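The values are calculated or read from the model by the stated rules, or taken from the named source; none is laboratory data. Since the model is a prediction, treat every value here as computed from it, not as a measurement. Neighbour counts run over all protein chains shown; Cβ positions are idealised from the backbone, glycine included.
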Ligand code: PMP
């Protein structure tokens, strides 16, 4: 495997991560996962914009320009001959003697490498079950931080019970999943939590909203309660790896008629169509 380390692509064996890297000690850094279809990064510009935004919010200056980062990531795809999967990239604040506060001069550490996975077709076709849990995370979920402890705990809880995802509830309202955004459909109107500090504004979420606009399908960026979720006609979750994933059960309660919803399936096919005809930016 070839890995990007700041501005250089090296063999995996030659990557050196210092034990005093603040990413290792504090989770002091940010990340992205971009999907690769047929050797092309999907929505790479959007992922880079979000990466820079997260970096700015925690006060790290990336060691390269957005365009350099873009071409470096494209090189990682080429050098690894990656056709299907993703690229993980993360940046930590860098190496320093361990203390909470930091000097501004630390050199950030950027790495990017391929992830090998394919579309979860079976689950997309058959639908999945999810759990719910109190959203005990901090109030800056808009930052794609390396600190994922509660997300991990709740994803593992779902996994251990044979569910696909855990959906968070904050102050009675559905926010998002541990690694997905949540949508519900009631009487043909689609709702999803607004993109504020309590969710990550998913690239897939934004793409779905864009597709809804294009198709003149009504939607609102408005939060809803767990009860409204349970009473929905259709529920689906979105993410880079899941795309548009139908949810058939929430906490063991069946949603709608218990089958992947018609509008959900239509949105997934619009999404698949979009991958094949990416917009020129
Ligand atoms: N919310 C959280 C907490 C996530 O980790 C993710 C996955 N990055 C998402 C939503 C979905 O975002 P995207 O569509 O950009 O993958």
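Assorted remarks:
- Scanning the stretch 201-223 for residues that are away from the ligand (no atom under 13 Å from the Cβ) and either surrounded by 20 or more Cβ atoms within 10 Å (Cβ to Cβ) or under 23 Å from residue 54 (Cα atoms) (or both) returns 221, 223.
- Residue satisfying condition, being outside the structural domain of residue 155 (by TED's automatic domain parsing) and closer than 30 Å to residue 267 by Cβ, within set 111, 87: 87
- Hey, residue 137 over 26 Å from residue 268 (Cα atoms), surrounded by 14 or more Cβ atoms within 10 Å (Cβ to Cβ), in the same structural domain as residue 226 (by TED's automatic domain parsing) and modelled with pLDDT of 95 or more or not: yes
- Of the residues in the stretch 257-269, none is over 19 Å from residue 158 (Cα atoms), part of a strand (DSSP E or B), within 14 Å of the ligand (Cβ to nearest atom) and more than 15 Å from the chain's Cα centre (by Cα).
- Subset of the stretch 35-51 [crowded, with 16+ Cβ neighbours inside 10 Å and in a helix (DSSP H, G or I)]: 44, 46, 47, 48, 50, 51
- Tally, over the stretch 84-107, of residues that are part of a loop (DSSP other than H, G, I, E, B), surrounded by fewer than 22 Cβ atoms within 10 Å (Cβ to Cβ) and in contact with a helix residue (DSSP H, G or I) (Cβ under 9 Å, 6 or more places away or on another chain): 5
- Single condition residue 112 does not satisfy, out of (1) within 13 Å of the ligand (Cβ to nearest atom); (2) within 30 Å of residue 64 (Cβ to Cβ); (3) crowded, with 16+ Cβ neighbours inside 10 Å: (1)
- Some residue of the stretch 120-128 being touching a residue at least 40 places away in the same chain (Cβ under 8 Å), out of contact with any helix residue (DSSP H, G or I) (no Cβ under 8 Å at 6 or more places or on another chain) and within 11 Å of the ligand (Cβ to nearest atom): no
- Residue check for residue 56: on the phi > 0 side of the Ramachandran plot and not in a strand (DSSP E or B): no
- Residue check for residue 230: in contact (Cβ under 8 Å) with a residue 24 or more places away in the chain, near the ligand (Cβ under 10 Å from one of its atoms) and over 23 Å from residue 273 (Cβ atoms): no
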